[in-house]
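S.K.: Below: one structure in structure tokens.
The values are calculated or read from the model by the stated rules, or taken from the named source; none is laboratory data. Because the structure is a prediction, the values reported are computed rather than measured. Here the Cβ is made from the backbone with ideal geometry for all residues, glycine too, and neighbour counts use every protein chain on show.
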Amino acid sequence: MKRITPEVPMDVQLTIESGILCCEFDDFHEWTEKLLGHPVWTHEFAIPTMAEDLKIALVAWSEGYKWKQIRKKNPIETLMDVAPNKPIIALIKDH
């Protein structure tokens, strides 16, 4: 694989291109948030369009653009899409 951009670590780029985790998940998660321009909940990696969105964002980044993914749903709604008809338990920490 040809390196797309020197800024993004090669193992993260390989993960994005191949769909196989080739780096530490924390690194992949961090770069996913940088590339997409917003926080990403772990269940959102199961959204069918995520892989293609990341590939587009990586190319945009390499060309000097910041790709801003427009969220049509909030993270809780996406959780319901990923796990339909399953109970959702939310843990909320008081500050």
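S.K.: What are the residue pairs meeting all of these: first residue in the range 45-57, first residue free of Cβ contacts under 8 Å to residues at least 24 places away in the same chain, second residue part of a helix (DSSP H, G or I) and charged (D, E, K, R), Cβ atoms under 7 Å, and 6 or more apart or on different chains?
M.R.: Met50/Glu44
S.K.: Within the range 1-13, can you find the residues that are assigned to a helix (DSSP H, G or I) and surrounded by fewer than 16 Cβ atoms within 10 Å (Cβ to Cβ)?
M.R.: Met10, Asp11
Here is a yes/no grid of residues against (1) at pLDDT 75 or above; (2) exposed (fewer than 12 other Cβ atoms within 10 Å of the Cβ); (3) not hydrophobic (A, V, I, L, M, F, W, C):
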residue	(1), (2), (3)
His29	yes, no, yes
Leu36	yes, no, no
Pro39	yes, yes, yes
Glu44	yes, no, yes
Trp67	no, no, no
Leu79	no, no, no
